[in-house]
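The structure under discussion appears below in the form of structure tokens.
Taken together, the values in this text are just the output of simple stated rules run on the coordinates, not laboratory data. As the structure is a prediction and not an experimental result, all values here were calculated from the model. A quick note on method: Cβ atoms are made from the backbone with ideal geometry, for glycine too, and the neighbour counts reach across all protein chains shown.
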Amino acid sequence: MAVDGYCVNGAARVQVGTGSAGALELLGYTDRGVQIDITELKKDIVTDISGEAPQDVQDMSMTARIVVNLIAMDRAVFKKLQGRGDRTTPGLANTAGLVLGAGGYLFRVGIESPFDEPWSFNKCFIRPGYGTTLASAANPFRIEFQAIPWAAATAVTNKDTPLWTRSLS
């Protein structure tokens with residue numbers, strides 16, 4: 001397989017889809033890269049046959065962690081993310097135990113850079129949080145998203161439910 005390019009640090013656009021149709025709005029820009037960690041969840045099946053070694057391994061789906069340090073952000077778009085859930089206004093807590101996917105509170109995250117194909121994660125939430133460093137030269141803003149391959153509670157399986165695509169359309 002031939003190497004088809006290399007990456008040089010540069011700006012990336014981070015977009016979010018907070019509407020029902022999932023149309024993307026610009027959240028902000030990062031010049032520090034976007035960290036995307038895909039975790040395939042595997043669980044050992046331990047039986048008496050193999051002792052402490054797993055008899056087999058079960059695939060338990062996957063998740064993605066997306067960490068972004070923004071150098072510029074649209075605060076109006078960010079407030080839409082802060083208001084996701086059944087809270088009345090940002091700064092107030094959601095109902096404890098609120099189920100985000102079933103409640104329709106998940107959102108889309110799109111990342112594009114001139115150096116690679118874009119990434120789109122269709123079912124995301126903010127986790128573990130967001131924050132900034134006040135009174136510094138740049139006041140960078142850090143936000144972490146988690147993506148899940150969400151399927152309705154009535155689904156029999158989530159096979160072929162997308163965690164990500166490489167297109168923003």
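Please build a GNM for the chain, connecting alpha carbons under 10 Å apart, and tell me which residue among 80, 42, 123 fluctuates the most. Looking only at 80, 42, 123, the biggest GNM fluctuation is shown by 42.
Suppose R0 equals 30 Å. What FRET efficiency, 1/(1 + (r/R0)^6) with r the Cβ-Cβ distance, do residue 158 and residue 126 give to the nearest 0.05? Rounded to the nearest 0.05, the efficiency is 0.85. Short-range pairs are left out: with C-alpha atoms under 8 Å and at least six residues apart, the relative contact order of the chain is 22 percent. Amide H contacts of residue 62 (H built 1.01 Å from N, in plane; Pro and chain starts excluded): 41 sit under 5 Å, all sequence-distant by 5 or more or on other chains.
Cross-link reach is defined here as a Cα-Cα straight distance under 26 Å, omitting same-chain residues fewer than 8 places apart; for residue 159 the lysines meeting it are 42, 43, 123. Inter-label distance, residue 32 to residue 165: 3.1 nm, where each label sits 7 Å from its Cα along the C-beta direction. Each of 67, 14, 57 was scored by other Cβ atoms within 10 Å of its Cβ. Listed from fewest to most, they are 57, 67, 14. Put a plus charge on the Cβ of each Lys and Arg, a minus charge on the Cβ of each Asp and Glu, and nothing anywhere else: the dipole of the stretch 14-117 about its Cα centre is then about 760 debye. Among 30, 95, sorting on how many other beta-carbon atoms sit within 10 Å of each Cβ, with the fewest leading, yields 95, 30.
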